[in-house]
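Nothing in this text is a laboratory measurement; each read-out follows from the coordinates by a stated rule. The shown structure was predicted, so the numbers you read here are calculated from the model rather than taken from an experiment. No Cβ is skipped: glycine too gets one built from the backbone with ideal geometry, and neighbour counts run over all protein chains shown.
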Amino acid sequence: MKGTQLAWVKAQLKKKKFVTSMMAFEAVGCTRLAAVVCDLRNKGWLIASHMKESGNGSRYAAYKLVKAGE
């Protein structure tokens, strides 16, 4: 995983209400946001997952920071 992707996800979680895979892909080319979130959870970050549905019926996860870790 690129350090810039991890740094971007950390920053977004701290300042935004939520982060989605589309946001991560468009910003830093991150195609595996769930893996980044898993790494952060393993480092003590408390991140909630919320399933959302787009206008065309596809489902996706939105991640929200509950409590930051290290």
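Divide by every residue of the chain the summed helix terms, -39500 (n - 2.57) for each DSSP H run of at least 4, and state the resulting mean residue ellipticity at 222 nm, rounded to the nearest 500 deg cm²/dmol. Walk me through the numbers before you get to the answer.
On the way: 3 runs with 31 residues, N = 70.
Theoretical 222 nm ellipticity from helices: -13000 deg cm²/dmol.
Between VAL28 and SER58, how many nm apart are label points set 7 Å from Cα along the C-beta direction?
It works out to 2.2 nm between the two label points.
Please report how many Lys pairs in the chain have alpha carbons closer than 12 angstrom, counting only residues at least 8 apart along the chain or sitting on separate chains.
For the chain, qualifying lysine pairs total 9.
Can you pull a Stokes-Einstein diffusion coefficient for the chain at 25 °C (0.890 mPa s), Rh from Kirkwood over Cα pairs, as a whole number of µm²/s? Each step should come with its number before you reach the end.
On the way: Rh = 12.2 Å.
Calculated translational D: 202 µm²/s.
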